[in-house]
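Notes for the one structure printed next.
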Amino acid sequence: MSGTTKKDLLQAAVRLREQGDPEAARQQLLSLTAEYPEDAEVAYQTAWVHDVLGLEAEAVPFYERCLGTEGLAAEDRRGALLGLGSTYRILGRYPEAVDTLRLGLSEFPEDGALQTFLAMSLFNTNDHHDAMQILLRIIATTSSDAYVQRYRRAIEHYAQDLNETV
């Protein structure tokens, strides 16, 4: 395919995934990763398609590669940190999930999805207190439920110390 660039091939693979043909996208992305092993964007898209296919263990090295290489756009880095953290969690690698998601939150502190996946991972490491704190804060700040908003200050207060009593 003379004249076809890496960018064209990558976009075509992403389109395949988005249009519901993740296996064809995976094959194209694996070819691209063989040709461009240090390309962060190719590695990220390859990780993503493996996750879509339920091939979490196979996704991990691609997530790790894209995060360890320069050139990933900020929004893709956010997605890669969430994807890797979530994938570690699914694989039962809870401490790695917590570390990855905390790194994500150090870079993207307002990301509610990173916070939520961190709470799930903390639950898995038996850190129930911190998991509940995170979830209570998310509920208090993002819920549109009128009753939650009526008690928002109290929820935020108790999120600081769930053991507080009168």
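The values are calculated or read from the model by the stated rules, or taken from the named source; none is laboratory data. In this text, all values refer to a predicted model and were calculated from it rather than measured experimentally. Here Cβ is always computed from backbone atoms with ideal geometry, including for glycine, and neighbour counts include all displayed protein chains.
Can you work out which of the residues in the stretch 91-104 that are under 12 Å from the mean Cα position of the chain (by Cα) and surrounded by fewer than 17 Cβ atoms within 10 Å (Cβ to Cβ) is nearest to L114 (Cα to Cα)?
This residue is R102.
Could you say whether any residue in the stretch 121-144 is farther than 13 Å from V98 by Cβ and not in a helix (DSSP H, G or I)?
Within the stretch 121-144, one or more residues are farther than 13 Å from V98 by Cβ and not in a helix (DSSP H, G or I).
With respect to T100, is the statement that it is without any contact (Cβ under 8 Å) to a residue 40 or more places away in the chain, touching a Pro at 6+ places or on another chain (Cβ under 7 Å) and more than 13 Å from A40 (Cα to Cα) true?
Here the answer is no, as T100 does not meet what is asked.
From the list Y63, Y44, Y88, Y94, which one is touching a Cys at 6+ places or on another chain (Cβ under 7 Å), at pLDDT 95 or above and not small (G, A, S)?
It is Y44.
Which residue out of R26, R17 is out of contact with any strand residue (DSSP E or B) (no Cβ under 8 Å at 6 or more places or on another chain), modelled with pLDDT under 95 and surrounded by 14 or more Cβ atoms within 10 Å (Cβ to Cβ)? Quick ask: steps written out before the conclusion?
Working: R26 fails: modelled with pLDDT under 95.
That would be R17, the only listed residue that is out of contact with any strand residue (DSSP E or B) (no Cβ under 8 Å at 6 or more places or on another chain), modelled with pLDDT under 95 and surrounded by 14 or more Cβ atoms within 10 Å (Cβ to Cβ).
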